[in-house]
1. Residues that are at pLDDT 85 or above and exposed (fewer than 13 other Cβ atoms within 10 Å of the Cβ): which strands (runs of 3 or more DSSP E) entirely in segment 1-104 hold 3 or more of them?
2. What pairs come out if I take residues in segment 37-53 that are without any contact (Cβ under 8 Å) to a residue 12 or more places away in the chain and pair them with residues that are assigned to a loop (DSSP other than H, G, I, E, B) whose C-beta lies under 9 Å away, six or more apart or interchain?
3. State whether one or more residues within segment 150-168 are farther than 19 Å from Tyr28 by Cβ and not β-branched (Val, Ile, Thr).
4. Looking only at segment 174-183, count every residue that is surrounded by fewer than 18 Cβ atoms within 10 Å (Cβ to Cβ) and under 23 Å from Ala131 (Cα atoms) and tell me the total.
5. Ala165 - would you say it is within 21 Å of Asp85 (Cα to Cα), touching a Leu at 6+ places or on another chain (Cβ under 9 Å), touching a residue at least 40 places away in the same chain (Cβ under 8 Å) and of a type outside the set (Phe, Trp, Tyr)?
6. Determine which member of the set Val188, Val119, Val134, Val155 is in contact with a Pro (Cβ under 9 Å, 6 or more places away or on another chain) and β-branched (Val, Ile, Thr).
7. Given the options Asp186, Asp130, name the one that is in contact with a helix residue (DSSP H, G or I) (Cβ under 8 Å, 6 or more places away or on another chain), in contact (Cβ under 8 Å) with a residue 60 or more places away in the chain and either surrounded by 13 or more Cβ atoms within 10 Å (Cβ to Cβ) or among the hydrophobic types (A, V, I, L, M, F, W, C) (or both).
8. Looking only at segment 176-212, which residues are of a type in the set (Gly, Ala, Ser) and in a helix (DSSP H, G or I)?
Amino acid sequence: MIRILKNFARRMLNAIFKRRGHIKIGFYGPPNAGKTSIANKICKDWTGEEIGVVSKVPHETRHVQFKEKVDIKYKGKSLTFKIVDTPGIATKIDYEDFVELGLKKKDAKKRAKEATQGVIESIQWLEDMDAVVVVLDSTENPYTQVNITIIGNLVARKIPILIVANKTDLKKSDMKAIETAFPEYDIVGISAKEGLNFDEFYEAIFKIAKKV
């Protein structure tokens, strides 16, 4: 009974936030796809502050981090978002991979443990998301078990999805491969590093907000 009441209270609070224009949008995807870089760009654009640290070493983000009340304005319209940046989703996390990247064994084991907990935390936070931006590295094969699992979980929960293909500034970027892999979803190609195509990205964000 207590759990039922808690769930009811959460739904009521969610409904209130939606009516006020507060939309919780999560950034999900595999490690190093650029989730934090994109979240940083958004928060920097509209609040002047970044949300987290970026690193070339996978799983730099190992805990969910968020920024409240990010007011985004586009073409005369304004919406308030809660930006939620999540740890990268992976099916296997091996500390030896971090050792190969230069971390000491002790630090590598700690990072692997925290990264594993981060994956669990990311999945748990799905329950609170109004919409999700799935961030993919446009230089990598999009049709992977991780990407399919993420999108499958979102579809099962009926959460609106926007797919963002990041790193389009790189020569190996292949937008067509992502569009072919996920033809039923809206896809926007951007470069968080270079700040490319964010106008189209913000337009897509407002479009997905209408589905909430």
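The values are calculated or read from the model by the stated rules, or taken from the named source; none is laboratory data. Only a predicted model underlies this, so the values are computations on that prediction, with no experimental measurement involved. Glycine also receives a Cβ, built like all others from the backbone with ideal geometry; neighbour counts cover every protein chain displayed.
1. Output list reads 65-74.
2. Cβ pairs passing all conditions: Lys44/Glu50; Lys44/Ile51.
3. Taking every residue of segment 150-168 in turn, none turns out to be farther than 19 Å from Tyr28 by Cβ and not β-branched (Val, Ile, Thr).
4. 4
5. Working: within 21 Å of Asp85 (Cα to Cα): yes; touching a Leu at 6+ places or on another chain (Cβ under 9 Å): yes; touching a residue at least 40 places away in the same chain (Cβ under 8 Å): no; of a type outside the set (Phe, Trp, Tyr): yes.
It is false that Ala165 is within 21 Å of Asp85 (Cα to Cα), touching a Leu at 6+ places or on another chain (Cβ under 9 Å), touching a residue at least 40 places away in the same chain (Cβ under 8 Å) and of a type outside the set (Phe, Trp, Tyr).
6. None of the other options fit; the residue is Val119.
7. Asp130
8. Result: Ala177, Ala181, Ala204, Ala209.
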